[in-house]
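A quick write-up on the structure given underneath.
The values are calculated or read from the model by the stated rules, or taken from the named source; none is laboratory data. Please read all numbers here as calculations on a predicted model, not as lab measurements. Cβ placement follows ideal geometry from the backbone for every residue including glycine, while neighbour counts extend to all protein chains displayed. Just the protein is used for accessible areas: all its heavy atoms, side chains included, with ligands, DNA and RNA removed. Shrake-Rupley method; radii C 1.70, N 1.55, O 1.52, S 1.80 Å.
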Amino acid sequence: MSAPLTRTALRTVSKAPRRVSARMMSLATRAAPRVSPSTAVPRVAMQVRGMKTLDPGLIGTLYRAACLAELDALKPGNVHAFADGHRMAVADFVTSAEVSAPALAEAGAPVGRRVLRAVEATMDRVGQNTNLGILLLCAPLATAAERGEGVAAVLDTLDRADAAGVFAAI
């Protein structure tokens with residue numbers, strides 16, 4: 001019984017419009033303009049590995065691309081490119097990625113401030129917290145990329161102000 005359901009699900013997904021992927025490729029292509037859209041994301045990732053630190057603009061671009069890529073993942077019961085839910089639509093998540101990127105990529109900002117300002121921007125524009133999880137994941141990564149150090153080093157420097165910012169965001 002599960003095999004026919006799987007085939008049906010695959011047929012449905014393969015026929016569904018790719019609303020988010022084109023947007024993700026557009027962002028990735030802007031980050032690496034001399035690369036075709038089909039190879040933009042792998043090339044950007046290769047460029048990142050060779051850098052000591054990352055520019056906040058590139059951090060914001062990569063964050064937006066990650067947010068949009070996450071929407072392409074099929075997540076039964078959650079919002080994704082093929083299903084809205086929980087009083088949220090895919091457009092809410094796309095808008096959230098756009099408005100939260102500047103705060104997440106703010107040069108020199110500590111982790112707690114990045115998370116809080118990004119959530120505030122999302123709440124101001126979308127009216128609900130659609131991206132707290134990815135912000136909690138990406139804020140230490142963005143800080144590490146900007147500083148050119150490992151994530152463990154960033155996590156070791158978290159303080160009460162970071163905790164207060166994250167608590168307020170939640």
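Listed by first and then second residue, the pairs with beta-carbon distance under 6 Å, at least 6 apart or on different chains, first residue in region 134-161 and closer than 18 Å to Asp55 by Cβ, second part of a loop (DSSP other than H, G, I, E, B) and among the basic types (Lys, Arg), are Gly148/Lys52.
Inspect all residues belonging to region 68-76 and state whether any of them is open to solvent by less than 60 Å² (accessible area, probe 1.4 Å) and modelled with pLDDT of 95 or more.
Narrowing region 68-76 to residues open to solvent by less than 60 Å² (accessible area, probe 1.4 Å): 68-69, 71-73, 75.
Those still in the list that are modelled with pLDDT of 95 or more too: none.
Among the residues of region 68-76, not one is open to solvent by less than 60 Å² (accessible area, probe 1.4 Å) and modelled with pLDDT of 95 or more, which makes the answer no.
Pairs are defined by a Cβ separation below 8 Å, a sequence spacing of at least 6 or placement on different chains, a first member in region 102-117 that is closer than 14 Å to Ile59 by Cα, and a second member that is among the aromatic types (Phe, Trp, Tyr) and surrounded by 19 or more Cβ atoms within 10 Å (Cβ to Cβ); the pairs so defined are Leu104/Tyr63; Ala105/Tyr63. Could you tell me whether region 147-159 includes any residue that is modelled with pLDDT under 95 and of a type in the set (Ser, Thr, Tyr)? Checked region 147-159: no residue is modelled with pLDDT under 95 and of a type in the set (Ser, Thr, Tyr).
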